[in-house]
Structures are given as C-alpha cells and as structure tokens.
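One structure is given below, encoded as structure tokens.
The values are calculated or read from the model by the stated rules, or taken from the named source; none is laboratory data. Bear in mind the structure is a predicted one, so any value in this text is a computation, not a measurement. Note that we place each Cβ from the backbone using ideal geometry, even for glycine, and neighbour counts take in every protein chain shown. Side chains are part of the model used for accessible areas, which takes the heavy atoms of the whole protein and leaves out ligands, DNA and RNA. Shrake-Rupley method; radii C 1.70, N 1.55, O 1.52, S 1.80 Å.
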Amino acid sequence: IYNMLKTEGNTVWVGGNIGNPLFSKIEQIKNEDKVVLELSSFQLMSIREPMEVALVTNISPNHLDIHKDMEEYIETKKNIFKYQRNDDLLVINEDNKITKSMEKECKGRLMKFSMKERLKEGSFYYNGDLYINKKKVCNISEVKLKGMHNIENLLAAFCCVSEDVSIESMREVAKSFNGVEHRLEFVKEIQGVKYFNDSIASSPTRTLAALRSFDR
C-alpha cells in the first residue's frame, strides 16, 4: 500500500506494528500526506478513531495468551472499522469466514477481495490474472513476491488504494516489490541451498503460508 501510494506521487509515511513508531515524526506529517499503519490487536484495544481506509486481511487464532478468548480477540480487531464514518472505506477478505461476517457491521463503504470468487466490485484472482473492479492489473508470472498468500495481499492492497492510485502504479509495484525484512526474506544461497529469514512468522498460520510458498 505504501509503495503504491508513493509510486503515484504521494508523500507517504509507514509505521505501526512493523517497527516504525511514527510519534517521533508527527510534527513532519502534513494534512495532505498519506499515513499507512499496520495495527496489532494490542494497539487496536484502545483506539476509538475513524480510519479513512481500514483493511482486515484475515483472522485466525492468535495472541490468546493475552486476550480472554477468541471472541475478545475478534472484537478488538473490529476497532479498526467500528468508528468509521459514512464515507470511509472498509476492505475485507471474502474468503475468510470471520472477516466476511464483518460485512454486516460496516459503517461506511465496503470493498472485498477474493482468491475464489470473481467479484463485481473489488479485487480477485482468476486464471492466473489479478483484477481490480474487473480490470486486469497483472499476471501472477509478473509478481515478484513468493506465495499465494502474497497474491491475496496484493489484491487487498489494490482495494485500499483503488481510489488514489492508477492501475499502472499498482502493476509497477506488483512487478518490483520484493517484500519486507524478516518476512520470507532471501538471505543467501550456499551449495544449492537457499536460506530465507521468516522470523516475523509468529503464528502457525503464518509459518504454514510461508512453507506453502516453496515448490521444493
């Protein structure tokens, strides 16, 4: 999302749960700038602010050593869109049972993404191609990121930036973005063995998604 907005020519700030606290930069951020935040359930627990664009990619059991139960974990996640206004946008995963159920609680506008359904509005994957609002963005062979979970992530990003970014900018990022540190990050090849750093995979579902990215 950050890269797509930046490619389109915006001044963009990225932070949150990915290691960049933005409080130290708050005096430099202008009204017309874009801010992209990844927010964990811990950060969302106390948030009561409206998000212009909110994205929930998927939900699976996590942090249940901190949260009372799965229900509390899900309710905490919902804070990302609970306080939205009529014109704000919520993006959710059509294929995940929990996120799909959030549709009925949407306060503003809704967009969905899917790996399985050819959606009339939103983004989807079909027959090797990635689409947004029925327009093709690129083919899977052009995508630099590994794994089908990252195709899903791209579809989610397309929805989030669809009103601010051209298809050309989306395609450019899909073809060039190779991920972030510690997330399926290629380290080195030694005697035919490739080593990847996936230390950010802090849950079983994340680790499984990473393992499924490889064909050997």
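Surface composition of the range 84-216: carbon and sulfur make up 48 percent of the accessible area, probe 1.4 Å. By the helix-only formula, in which each DSSP H run with n ≥ 4 contributes -39500 (n - 2.57) and the sum is divided by residues, the chain has a 222 nm mean residue ellipticity of -7000 deg cm²/dmol. Modelled label positions at D129 and D95, each set 7 Å beyond Cα in the direction of Cβ, lie 1.9 nm from each other.
Modelled spin labels at D87 and E105, positioned 7 Å past Cα toward Cβ, are 2.6 nm from each other.
Which entries in K116/K194; K112/K188; K97/K135; K6/K97 show an alpha-carbon gap greater than 29 Å?
K116/K194; K112/K188; K6/K97
Computed over the chain, the range of Cα coordinates on each principal axis works out to 53, 42, 40 Å, biggest value leading.
Exposed loop sites here mean GluC sites (Glu not before Pro) with a DSSP loop assignment and at most 15 other beta-carbon atoms within 10 Å; the chain contains its longest site-free run at 53-116. For a Förster distance of 45 Å, can you work out the FRET efficiency between the beta-carbons of S24 and K120, rounded to the nearest 0.05? It comes to 0.55.
Enter the accessible area per residue of the chain (Å², integer; probe 1.4 Å; all protein chains in place). Please report the intermediate quantities before stating the final value.
Working: 13100 Å² over 216 residues.
On a per-residue basis, the chain sits at 61 Å².
Sparse packing (at most 14 other Cβ atoms within 10 Å of the Cβ) combined with a DSSP loop state is found for the following trypsin sites (Lys or Arg not before Pro) in the range 88-171: K116, R118, K120, K134, K144. Summing Cβ point charges (Lys, Arg +1; Asp, Glu -1) relative to the Cα centre of the range 35-107 gives a dipole of roughly 160 debye. Taking all protein chains together, S199, S101 sort by accessible area into S199, S101, largest first [probe 1.4 Å].
Using the Karplus relation 6.51 cos²θ - 1.76 cosθ + 1.60 with θ = phi - 60°, the per-residue 3J(HN,Hα) values for the range 163-178 come to 8, 10, 10, 6, 4, 4, 5, 4, 5, 4, 5, 4, 7, 10, 6, 10 Hz, with x marking Gly and Pro. Electrostatic tally near R109: other residues with Cβ closer than 11 Å to its Cβ, Lys and Arg +1, Asp and Glu -1, net -3. Here the calculated FRET efficiency for S176 and I200, from their Cβ-Cβ distance with R0 = 25 Å, stands at 0.75, rounded to the nearest 0.05.
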